[in-house]
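The values are calculated or read from the model by the stated rules, or taken from the named source; none is laboratory data. Predicted model only: the values in this text are computed from it and were never measured. Note: ideal-geometry Cβ built from the backbone for every residue, glycine included; neighbour counts use all protein chains shown.
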Amino acid sequence: MNKNIPFLSLKDIDAPIAAELKEAAHRVIDSGIYLHGENTHAFEAALASKCGVPFCVGVSNGLDALRLIFRALIETGRLAHGDGVLVPANTYIASILPLTEFRLNPVLIEPDPTTFGIDWQKAMKRFHEYGDKLRIRALLTVHLYGNPSWNENVASTLRSNGVTIVEDNAQAIGASVKRASGEWISTGALGDAAAFSFYPTKNIGALGDAGAVTTSCAEIADTVRAIANYGCDRRYHNVYCGYNCRLDEMQAALLRVKLHRLEEISGARRHTAGIYLDSISNPDVTLPTLIPDTHQVWHQFPILCKHRDELRDFLSVQGIATDIHYAVPPHLQPCYEGRFSGSFPVTESIADRIVSLPIAGISDEDTKKVARAVTDFKPYK
Ligand SMILES: *Cc1c(COP(=O)(O)O)cnc(C)c1O
């Protein structure tokens, strides 16, 4: 009897490092220090160094990382309520929620269907045509599926026009892009500030919730750190009406174990993606495009198929689990009913056709089995 291939088994992924994780957890318990301790500081330093930025603030989760960034941009006068923020329409809803929470105006831009990131030319065009009217003062780029979404020329033109650039790096820790100078820059170091998520299914996953903010700007770092700790800049001195969004010692200690293995983790995903790219061949399936001068980290391996649901059923009967990221874009969610005008045919067409294949913790043998099954698929219609 053939073993089923799960979409993602965290238990299997963590098994090889379980002893190390337990030892790290034991050390936290023995220390009696659960917040503001050496693990948090060491993790922040390690992540800052991996990204090549001077500042990192560990926080409670990825959504809070984005909330803290946008709140800090407002508190430091870079943004004001009602300002427009360019953001890809096909992102996960967590990219949009902090914008509407702070009464910023998400200006949804269609994605580039080859990268799944924001279409930078369309973003530039919207800024030229509506920048003043919509008071566009920020752009949130989302490195969706682990693929860096960056256009140096557009980014620097926007920046020289006073636009702050934020990265949603929840899915792309360890990814990088090559600048014209030949220098490789990590995601998390490209914009003015970046949000990371360590939700368990992310490439570096906590054993619970965790997140981080990276930035090269001391003012943004200090403001984020203060707001995440009740808004105090020193003990019992509250300069903002803040939140409690701290990273705890237990998650920081566990994350240190995994961050240490970042290259190994990204390498394994790249290896699996390579097998899929080399061996899937089906006229009804569009494979992800490899973007030049880009190291991507394959948070997902998304393929497009007009007969997506039929393909999923075909794989499912062979014991192969798949998932959809994301079936319903933010502008079609009930919480945003009536909120967004305009049409987003590229976003909706991707949502109708996209399906993610298993990419993490899968053996070469199983990867080839999935690739063969996808290659064999023929739609009825
Ligand atoms: C996971 C994710 C988030 C939110 O992170 P959490 O830690 O789950 O709050 C934000 N944006 C994107 C693109 C994500 O994938």
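Scanning the range 42-62 for residues that are in a helix (DSSP H, G or I), of a type outside the set (Asp, Glu), surrounded by fewer than 24 Cβ atoms within 10 Å (Cβ to Cβ) and in contact (Cβ under 8 Å) with a residue 40 or more places away in the chain yields a total of 4. Across the range 336-369, the number of residues qualifying as part of a strand (DSSP E or B) and among the aliphatic types (A, V, I, L, M) comes to 3.
The set of residues from the range 81-96 being more than 9 Å from the ligand (Cβ to nearest atom) and in contact (Cβ under 8 Å) with a residue 24 or more places away in the chain comprises GLY82, ASP83, GLY84, VAL85, LEU86, VAL87, PRO88, ALA89, ASN90, ILE96.
If you go through the range 139-152 and keep only what is within 12 Å of the ligand (Cβ to nearest atom) and aliphatic (A, V, I, L, M), you end up with LEU140, VAL142, LEU144. Restricted to the range 153-168, and to residues that are touching a residue at least 40 places away in the same chain (Cβ under 8 Å) and within 16 Å of the ligand (Cβ to nearest atom), which residue is farthest from GLY267 (Cα to Cα)? Ranking the candidates gives VAL166 first.
Being closer than 29 Å to LEU190 by Cα and either without any contact (Cβ under 8 Å) to a residue 40 or more places away in the chain or of a type in the set (Phe, Trp, Tyr) (or both), is that true of even one residue in the range 305-315? For the range 305-315, residues closer than 29 Å to LEU190 by Cα and either without any contact (Cβ under 8 Å) to a residue 40 or more places away in the chain or of a type in the set (Phe, Trp, Tyr) (or both): absent.
Condition check ((1) away from the ligand (no atom under 16 Å from the Cβ); (2) outside any loop (DSSP other than H, G, I, E, B); (3) at pLDDT 95 or above; (4) closer than 22 Å to ILE173 by Cα) across all residues:
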position	(1), (2), (3), (4)
ARG67	no, yes, yes, yes
LEU73	yes, yes, yes, no
ARG78	yes, no, yes, no
LEU99	no, yes, yes, no
VAL107	yes, yes, yes, no
GLN121	yes, yes, yes, no
LYS125	yes, yes, yes, no
GLU129	yes, yes, yes, no
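Each residue in the range 311-335 was checked for being more than 16 Å from the ligand (Cβ to nearest atom), buried (at least 16 other Cβ atoms within 10 Å of the Cβ) and in a helix (DSSP H, G or I), and 4 of them qualify.
The rows are residues; the columns are (1) crowded, with 22+ Cβ neighbours inside 10 Å; (2) not β-branched (Val, Ile, Thr).
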| residue | (1), (2) |
| --- | --- |
| THR114 | no, no |
| TYR130 | no, yes |
| ALA138 | yes, yes |
| ARG179 | no, yes |
| ASN203 | yes, yes |
| SER216 | no, yes |
| ILE220 | yes, no |
| VAL224 | yes, no |
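Confirm whether TYR243 is under 23 Å from THR76 (Cβ atoms) and either within 14 Å of the ligand (Cβ to nearest atom) or of a type in the set (Gly, Ala, Ser) (or both). Yes; evaluated as a whole, the condition is true for this residue.
Considering the range 172-182 alone, what residues qualify as being at pLDDT 95 or above and either over 14 Å from VAL142 (Cβ atoms) or more than 16 Å from the chain's Cα centre (by Cα) (or both)? Selection gives GLY174, SER176, VAL177, LYS178.
Selection of the range 176-222 for residues being under 29 Å from GLU75 (Cβ atoms), within 16 Å of the ligand (Cβ to nearest atom) and not in a strand (DSSP E or B) yields THR187, GLY188, LEU190, GLY191, PHE198, TYR199, LYS202, ILE204, ALA206, GLY208, ASP209, ALA210.
Taking (1) in contact with a Gly (Cβ under 6 Å, 6 or more places away or on another chain); (2) in contact (Cβ under 8 Å) with a residue 60 or more places away in the chain in turn, ASN105 satisfies each apart from (2).
Being more than 19 Å from SER197 (Cα to Cα) and either not in a loop (DSSP other than H, G, I, E, B) or not aliphatic (A, V, I, L, M) (or both), is that true of even one residue in the range 242-258? Yes.
If you check GLY62 against the conditions, is it closer than 17 Å to LEU259 by Cβ and either within 16 Å of the ligand (Cβ to nearest atom) or touching a helix residue (DSSP H, G or I) at 6+ places or on another chain (Cβ under 7 Å) (or both)? So GLY62 passes the test. Going through (1) within 16 Å of the ligand (Cβ to nearest atom); (2) of a type in the set (Phe, Trp, Tyr); (3) within 30 Å of VAL163 (Cβ to Cβ) one by one, PHE55 falls short only on (1). For the range 250-261, the condition of being farther than 20 Å from ALA48 by Cα and either of a type outside the set (Val, Ile, Thr) or in contact with a strand residue (DSSP E or B) (Cβ under 6 Å, 6 or more places away or on another chain) (or both) holds for none of the residues.
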